[in-house]
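In what follows, a single structure is set out as structure tokens and then discussed.
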Amino acid sequence: MYESLLEQSWVQNQGAACTSACILAGLGALGATGLPDLATASKYLAGAPLGAPALLDYVTLPGRRAPLDIRIESLARGHALKVNARSGVAVPGWPLHPASGEVLIVHLAYGQEAPARYGTWGWNPLLPWTYSTGGHSVVLAGVEGSAWTVLDPNRPRLQDWPLPGIATATTRISPEA
């Protein structure tokens with residue numbers, strides 16, 4: 001059921017707005033109504049139409065909330081949905097699984113760029129100018145063994161990835177209790 005709602009809420013990526021596209025799809029699957037278009041949402045979430053959040057939007061100091069989480073919760077409230085968002089650094093190699101009822105957005109340094117093609121979407125850890133242009137975000141819909149089922153904003157249907165991606169950060173969005 002969740003995967004069907006997620007697929008129906010898919011938003012096509014444009015520019016560097018893959019994170020915003022994933023957030024919109026996730027909020028739609030959780031029941032938000034009347035969500036804005038991608039350019040408007042990414043301006044609110046990332047600071048620029050069709051742009052990506054800054055690296056430090058995903059993480060913060062202990063005891064503080066990540067800036068992206070505050071913006072996600074505010075966007076959801078404005079569209080008839082109360083959620084809790086939690087972003088943070090992912091430990092490379094640590095297994096990721098979405099919890100029941102939550103949307104798990106995975107911000108990747110490496111993964112399946114297209115069927116049977118793996119890469120970094122232009123990101124290179126040794127080249128700082130690629131930090132804002134490379135990498136990619138997907139919604140991790142399910143895990144079976146080491147395989148992932150993802151909603152990729154670059155592809156209109158759920159995708160089966162035989163190998164997991166390498167995440168740098170995650171954003172978990174769950175309905176407020």
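Which length gain, in nm to one decimal place, applies between ARG86 and ARG117 when the Cα-Cα distance is subtracted from 0.36 nm times their residue separation?
8.1 nm
For HIS97 and LYS43, what does the FRET efficiency come to when R0 = 35 Å and r is the distance between their Cβ atoms, rounded to the nearest 0.05?
0.65
So what's the stretch 1-74 giving for Rg/Rh, alpha carbon basis, Kirkwood Rh from the mean inverse pair distance?
Working: Rg = 12.6 Å, Rh = 12.6 Å.
Dividing the radius of gyration by the Kirkwood radius yields 0.99.
Find the centroid of the Cα atoms in the stretch 61-79 and in the stretch 132-175, then give the distance between the two in whole Å.
Using only Cα atoms to place each centre, the spacing works out to 21 Å.
With point charges of +1 on the Cβ of Lys and Arg and -1 on the Cβ of Asp and Glu, referenced to the Cα centre of the chain, which listed residue (LEU30, VAL59, THR168) lies farthest in the positive direction of the dipole?
VAL59
Taking a virtual spin label 7 Å from the Cα of HIS79 along the C-beta vector, which residues in the stretch 41-71 bring their backbone nitrogen under 17 Å of it?
Zone members listed by number: 41-53, 68-71.
Regarding the stretch 1-135, what are the three Cα extents along the principal axes, ordered largest first, in Å?
Computed over the Cα atoms, the extents are 42, 36, 30 Å.
Expressed in nm to one decimal, what extension gain is obtained for the pair GLN14 and LEU163 from 0.36 nm per residue of sequence separation less their Cα-Cα distance?
Gain in length upon complete extension: 51.1 nm.
Based on alpha-carbon centroids, what's the gap between the stretch 85-119 and the stretch 18-60 in Å, whole number please?
Distance between centres, Cα-based: 16 Å.
Any idea what % of Cα-Cα pairs in the stretch 86-177 are farther than 21 Å?
Summing the P(r) of the stretch 86-177 above 21 Å gives 28 percent of all pairs.
Hey, with R₀ at 30 Å, roughly what FRET efficiency would ARG155 and ASN124 work out to, going by the Cβ-Cβ distance, to 0.05?
The pair ARG155/ASN124 has a calculated efficiency of 0.80.
Computed from the coordinates by the stated procedures, all read-outs in this text should not be read as laboratory data. Quantities reported herein were computed from a predicted structural model and do not represent experimental measurements. Every residue, glycine as well, gets a Cβ built from its backbone with ideal geometry; the counts of neighbours run over all protein chains shown.
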